[in-house]
Amino acid sequence: MAPPTAAEVVATDRAVTKPRLRCAVCTRKSTDAGLDQGFDSLDAQREACEAHVACQRHEGWVLAKARDDDGGVSCGTLERPALIRLLDEMEAGRAGRVVVCKIDRLTRSLADFAKLVEHVDVAGCAFVSVTQGVDTASAMGWLTLNVLPSSRPSTSSSARSPPSASATRSPPPGARASGRAARRRSATTRIPIL
């Protein structure tokens, strides 16, 4: 049997096309400083997201026409005009993916983010973070999404507290006599890594 011709391969590829997935890009900048420039942070975020969507064209991804840009709006609330429009688009079935440059462009609150992800999931959509490798349409994307909050650096007061009593306790009996106590490093001494 002869191998298929180029025309047959193209015809087969067209017959096995992926369903179109409309991708809504959401951008945010908390201050309005610099938004009057020709190319600002919102444009840079949008450009990165649009490039990611274009790279997934073979999977049927297409860019939604609406712009969901929140310029000069803090992420301290979910009551943002562009975010509300985006959620309405998802509920109406006009968006199959929500694409952001970074997760913190949606919110920095873990509780609010959990609400948004649940809303996206209930609407039958998937959430994509371009720079963090998250795509909740896959199991690996959900795993990454669940690991990210736990890898956040701690800012609690315990992280900045002085060494505990166990780190500053006196040496065990007989240690002074053998000289071991003098060689012991304090809990705050940094050891250079070569």
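A few notes on this one:
- Gyration tensor (alpha-carbon) shape descriptor, region 58-102, a/c threshold 1.5: prolate
- Residue 61 long-range amide H proximity, modeled H, under 5 Å: 21
- Counted charge near residue 66, where neighbours are those whose Cβ lies closer than 11 Å (Asp, Glu -1; Lys, Arg +1): +1
- Ligands, DNA and RNA left out, the accessible area of region 19-111 computed with a 1.4 Å probe is 52% carbon and sulfur.
- Region 48-148: C-alpha gyration tensor shape, a/c 1.5 cut-off, then a/b vs b/c: rounded
- Residue 126 sits among other residues whose Cβ lies under 10 Å from its own Cβ, and their net charge, with Lys and Arg +1 and Asp and Glu -1, is -1.
- GluC sites (Glu not before Pro) restricted to DSSP loop in region 16-117 with at most 14 other C-beta within 10 Å: 79
The values are calculated or read from the model by the stated rules, or taken from the named source; none is laboratory data. It should be emphasised that the depicted structure is a prediction, and the values quoted were computed from it without experimental measurement. Please note: Cβ atoms are built from the backbone with ideal geometry, for glycine as well, and neighbour counts cover all protein chains shown. Surface accessibility is based on the protein's heavy atoms, side chains included, excluding ligands, DNA and RNA. Shrake-Rupley method; radii C 1.70, N 1.55, O 1.52, S 1.80 Å.
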